[in-house]
Amino acid sequence: MLAVDLLLALAALATAGQCLLLPGLFRAVANLMAFGLVMALIWVRLEAPDVALAEAAIGAGITGALLLTALGQLPASRRSIQPTRDRPLRQLIPITALVLLMAGVLWATVLALPKPGLVEEVAAVLPESGAEHAVTAILLNLRGIDTLLEIAVMLCAVAAIWSLQQAIPPPALGDHYPGLPTLARWLHPLFLLMFSYFLWQGAHAPGGAFPAGAVLGAGGVLLLLTGSIAWMHQRDFNLLLRWLLTAGLLLFLANALGGLLMTGTLYGLPPQLAGYFIMAIEVATALSIALMLMAFYLFGRPGAQR
Amino acid sequence: MTHLFSNIALTTETLFALVASLLVALALVSVFTARHLIRRLLALNILSSAVFLLLVLIARTADGTDPVPHALVLTGIVVSVSTTAVVLALYLRRYRMKPPC
Amino acid sequence: MRELLGAGFILLGIPFFIASTVGLLRFPDVYTRLHALTKADNIGLGLICLGLAVQASSVAVALKIALIWGLILLASSTGATLIATSAIRHGPAPLRRNDDDTHAGR
């Protein structure tokens, strides 16, 4: 298996190096997407399937779509950085030495770190958390307050983007590229199926709200790209869209307050009802993650166009 | 320095720890030396991926896989795509106000 | 027996990947490179998926592998069409037989 590890390690270093060092922004973004895919394989190899699912949908899919759309807004002269004059050798040597020195120190430190781990502690409280899969139990019950704040961070990001500028009008790609809308239409049932499957599976196996939300968000970005979700851009649906975006956070807050009323601590879910609470939060988290990923993709406030 | 590395066997953990360290160093240097702002954003993305890799490696303890860092990394991936989106929107806005940037 | 059959299919698939990688690196322009690349997806990956499906432990796993192949076919054919359309609209024209090989290495 070490051969596979070596291949993955070389692929990760090669794609990251090409992304950061070679001239040309488009090439850099393409390399970043390849890097995301390699990272997803590395997560599988390191036995982190939840992370692999989220990384494949977000790191390789949505980040790349965001970057490519932003590049498409720039004129061609800004898109391709002119290859700067070759750096003289005396600049290159200290930079390489610095990279190697930092990497060496970091490597030695990481290898010397103690690995305490919370394996037993988590396993001890797992039966009363309402989920059998430890990662889901941590995300939605044990450290649910972190996930609540994370949804709040996403909402803040959407608010920041919408306050900056008006949305980029939807690209009518279907006119020139007829294959794309067909692909999006054919794939959409599959995206929905994967979403429900991950949600249902999350309580007892890898899956859950984050991969489900990421997969549905990636499918939604594909539909936005083909102009199939026109309502997100229309003024009439603006209010509805705002309510939908906040709904996940509101439901989360309601759960936290419900926990406060029933057990006396904020977000303290009563063990006998924890399964239902987790189901409700899981659906809300997944849907709001998907919707907010799509809202990022608008790059601004929708609904202002005539 | 050499005695630190003298008794390291090449295993999955040590190999990916080395990869993560190299990625952190490369990305950190690029964040400060890259000329184009979007290139710095790419470097930040790679930096966060490398940190996630370190976290997942620390999660592999002797008595099983610790799920807490996995949950942290899942949250981190979503927060990092939020940061990317905000930075891109800021960049486009800045570009429209005053093109050469 | 099944393992031997699976290994045979996978061995048959590998040359397609090697050939298409060589084509990707050596062919002169976008269109010919796409031609090389899609061969790996269609036949090479198809043979490898077939080899894996023959060895699979249950029918459900074999069907999942077949689904993966179908999805990649769908995505790669659409992607190839998109790249080719975009290259026709904005990029260089396809090379003719008598053209100089000016695009090589681009």
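Annotations for the structure displayed:
- Exactly one residue out of A:Gly207, A:Gly303 is outside any helix (DSSP H, G or I), under 16 Å from the mean Cα position of the chain (by Cα) and on the phi > 0 side of the Ramachandran plot: that is A:Gly207.
- Count of residues meeting criterion [within 25 Å of the chain's Cα centre (by Cα) and part of a loop (DSSP other than H, G, I, E, B)] in the stretch A:249-300: 4
- So A:Glu55, is it surrounded by 11 or more Cβ atoms within 10 Å (Cβ to Cβ), within 23 Å of B:Thr65 (Cα to Cα) and at pLDDT 85 or above: yes
- Against the list (1) buried (at least 19 other Cβ atoms within 10 Å of the Cβ); (2) more than 14 Å from the chain's Cα centre (by Cα), the condition B:Lys98 fails is (1).
- Candidates A:Leu98, A:Leu10, A:Leu66, A:Leu22, filtered to the one that is more than 7 Å from every other protein chain (Cβ to nearest Cβ) and at pLDDT 85 or above: A:Leu10
- For the stretch C:1-37, the tally of residues that are among the hydroxyl-bearing types (Ser, Thr, Tyr) and surrounded by fewer than 17 Cβ atoms within 10 Å (Cβ to Cβ) stands at 2.
- Here is the figure for the stretch A:11-39: residues that are without any contact (Cβ under 8 Å) to a residue 24 or more places away in the chain and not in a helix (DSSP H, G or I) total 1.
- Matching residues, the stretch A:126-145, being surrounded by 15 or more Cβ atoms within 10 Å (Cβ to Cβ) and either modelled with pLDDT of 80 or more or in a helix (DSSP H, G or I) (or both): A:Leu126, A:His133, A:Ala134, A:Val135, A:Thr136, A:Ala137, A:Ile138, A:Leu139, A:Leu140, A:Asn141, A:Leu142, A:Gly144
- Among residues of the stretch A:138-168, those that are of a type in the set (A, V, I, L, M) and free of Cβ contacts under 8 Å to residues at least 24 places away in the same chain, counted: 6
- Residues considered: C:Leu25, C:Leu4, C:Leu12, C:Leu74. Of these, the only one that is part of a helix (DSSP H, G or I) and closer than 29 Å to A:Ala184 by Cβ is C:Leu74.
- Scope the stretch B:49-79; condition buried (at least 20 other Cβ atoms within 10 Å of the Cβ), touching a residue at least 12 places away in the same chain (Cβ under 8 Å) and small (Gly, Ala, Ser); matching residues: B:Ser49, B:Ala50
- Per the listing A:Asp5, A:Asp50, the residue uniquely more than 22 Å from the chain's Cα centre (by Cα), at the interface with another protein chain (Cβ under 8 Å from one of its Cβ atoms) and either on the phi < 0 side of the Ramachandran plot or of a type in the set (A, V, I, L, M) (or both) is A:Asp5.
- For the stretch B:31-69, a residue qualifies if it is farther than 22 Å from A:Thr63 by Cβ, in a loop (DSSP other than H, G, I, E, B) and not acidic (Asp, Glu), and exactly one does: B:Ala62.
- Here C:Leu95 clears all of (1) modelled with pLDDT of 90 or more; (2) over 20 Å from the mean Cα position of the chain (by Cα); (3) surrounded by 14 or more Cβ atoms within 10 Å (Cβ to Cβ) except the condition numbered (1).
- Check on A:Ala34, closer than 19 Å to B:Leu23 by Cβ and surrounded by fewer than 23 Cβ atoms within 10 Å (Cβ to Cβ): yes
The values are calculated or read from the model by the stated rules, or taken from the named source; none is laboratory data. All of these numbers come straight from a predicted model, not from anything done at the bench. All Cβ positions, even for glycine, are placed from backbone atoms using ideal geometry, and neighbour counts span all protein chains on display.
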